[in-house]
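Shown next, in structure tokens, is the structure this report addresses.
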Amino acid sequence: MDFMQALSSTLERTLRAGLGRATTSSMKSTYFSAFYSVVTTSDGVAFLERVWRRQEKVPGLTLAEPDEATMALELAVRSVPAASAILEEQRGRFTNPDRKARFEFVMPAVSDRQETRDAFFQSLADVKNRRRERWATEGVRYLNHLLRAAQSEKYLRPSLELLRDIQRTGDIFFPKNWMDATLGGHNTRASAEVVRAFLAEHKDYPIRLRRIILQSADDLFRAAEILDRQTH
């Protein structure tokens with residue numbers, strides 16, 4: 001087991017232990033949300049799938065429609081064998097049409113088909129597909145999920161190139177949210193170099209957008225340096 005696998009396993013055990021010890025529903029919800037956002041071990045993912053399937057319950061924790069929807073997306077981005085069936089079943093569970101529409105918008109971003117994810121990303125170049133900014137941000141975050149980072153590195157440069165248009169057409173907070181979602185799952189030197197190269201080639205880039213990129217890339221730069229030290 002390498003360092004990252006050992007760290008993931010330890011973190012999952014800690015969160016599941018906290019989930020079991022928590023005495024209030026709000027604390028249980030906090031622990032469970034943290035757990036399903038980071039789970040990677042086979043045992044942890046299997047537990048999450050059983051909860052989503054309503055085969056296992058967490059005592060004292062009530063799960064609502066949005067919780068199950070997020071679990072379905074988290075399972076899909078982890079490429080569980082039944083991912084497509086889980087997404088389809090979750091789509092059929094909705095009673096709230098707005099939540100269903102949001103889920104359907106994001107679904108392509110967690111597809112196990114690279115061409116489906118590529119088409120979703122390409123669709124975001126059209127401003128009309130970014131009108132629901134929270135939906136677009138969620139989709140971009142799943143596209144660039146840590147577990148899909150190797151396949152999504154090719155989206156980094158186009159995402160940076162879209163930033164001016166995003167500022168021009170979107171809410172004041174959208175550029176930062178866009179960059180956080182784009183860069184949050186990446187941690188390699190190659191990804192960091194994409195960002196640095198873009199900034200080096202655009203020395204006259206608007207200062208506000210340059211600062212946003214640097215702020216969003218800070219964790220990426222730090223993570224890349226740490227991984228470099230571990231491998232040398």
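The values are calculated or read from the model by the stated rules, or taken from the named source; none is laboratory data. These figures come from a predicted structure and were not determined experimentally. Cβ: placed from backbone, ideal geometry, glycine included. Neighbour counts: every protein chain shown. For accessibility, only protein heavy atoms count, side chains too; no ligands or nucleic acids. Shrake-Rupley method; radii C 1.70, N 1.55, O 1.52, S 1.80 Å.
Please work out if ILE212 is out of contact with any Ser or Thr (no Cβ under 6 Å at 6 or more places or on another chain), of a type outside the set (Asp, Glu) and surrounded by fewer than 15 Cβ atoms within 10 Å (Cβ to Cβ). In short, no. Using the structure shown, decide if LEU11 is over 16 Å from the mean Cα position of the chain (by Cα) and within 23 Å of GLY185 (Cβ to Cβ). Yes: the conditions hold for LEU11. Only one entry of VAL80, VAL38, VAL45 meets the criterion of being of a type in the set (A, V, I, L, M, F, W, C), without any contact (Cβ under 8 Å) to a residue 40 or more places away in the chain, within 17 Å of VAL110 (Cβ to Cβ) and open to solvent by 30 Å² or more (accessible area, probe 1.4 Å), and that entry is VAL38. Given the structure, is ARG157 more than 24 Å from TYR205 (Cβ to Cβ), in contact with a Phe, Trp or Tyr (Cβ under 8 Å, 6 or more places away or on another chain) and at pLDDT 95 or above? For ARG157, the condition - more than 24 Å from TYR205 (Cβ to Cβ), in contact with a Phe, Trp or Tyr (Cβ under 8 Å, 6 or more places away or on another chain) and at pLDDT 95 or above - is not met. Screening GLU161, GLU138 for residues that are farther than 24 Å from TYR36 by Cβ and either buried (at least 20 other Cβ atoms within 10 Å of the Cβ) or not basic (Lys, Arg) (or both) leaves exactly one candidate, GLU161.
Considering segment 192-209 alone, what residues qualify as being in a loop (DSSP other than H, G, I, E, B) and either farther than 22 Å from PRO158 by Cβ or open to solvent by less than 90 Å² (accessible area, probe 1.4 Å) (or both)? Result: HIS202, TYR205, PRO206.
Taking the criterion of being in a loop (DSSP other than H, G, I, E, B) and basic (Lys, Arg), the only residue of segment 96-115 that qualifies is ARG113. Of all the residues in segment 48-60, those that are at pLDDT 95 or above, buried (at least 16 other Cβ atoms within 10 Å of the Cβ) and not acidic (Asp, Glu) number 3.
Does ASP219 meet the test of being touching a residue at least 24 places away in the same chain (Cβ under 8 Å), open to solvent by 70 Å² or more (accessible area, probe 1.4 Å) and farther than 21 Å from ARG102 by Cα? Taking the combined requirement at face value, the residue satisfies it. Pairing residues of segment 132-146 that are farther than 16 Å from PHE103 by Cβ with residues that are acidic (Asp, Glu) and in a helix (DSSP H, G or I), at Cβ distances under 6 Å and at least 6 apart in sequence or on separate chains, gives no pairs at all. Just one of (1) β-branched (Val, Ile, Thr); (2) modelled with pLDDT under 95; (3) open to solvent by 60 Å² or more (accessible area, probe 1.4 Å) fails for ILE172. It is (2).
Go through segment 68-92 and count every residue that is within 21 Å of PHE32 (Cα to Cα) and charged (D, E, K, R). Count: 3. When LEU73 is tested against (1) among the hydrophobic types (A, V, I, L, M, F, W, C); (2) closer than 19 Å to SER152 by Cβ; (3) in contact with a Lys or Arg (Cβ under 9 Å, 6 or more places away or on another chain), only condition (3) is not met. When LEU19 is tested against (1) under 17 Å from GLU74 (Cα atoms); (2) open to solvent by less than 40 Å² (accessible area, probe 1.4 Å), exactly one condition is not met: (1).
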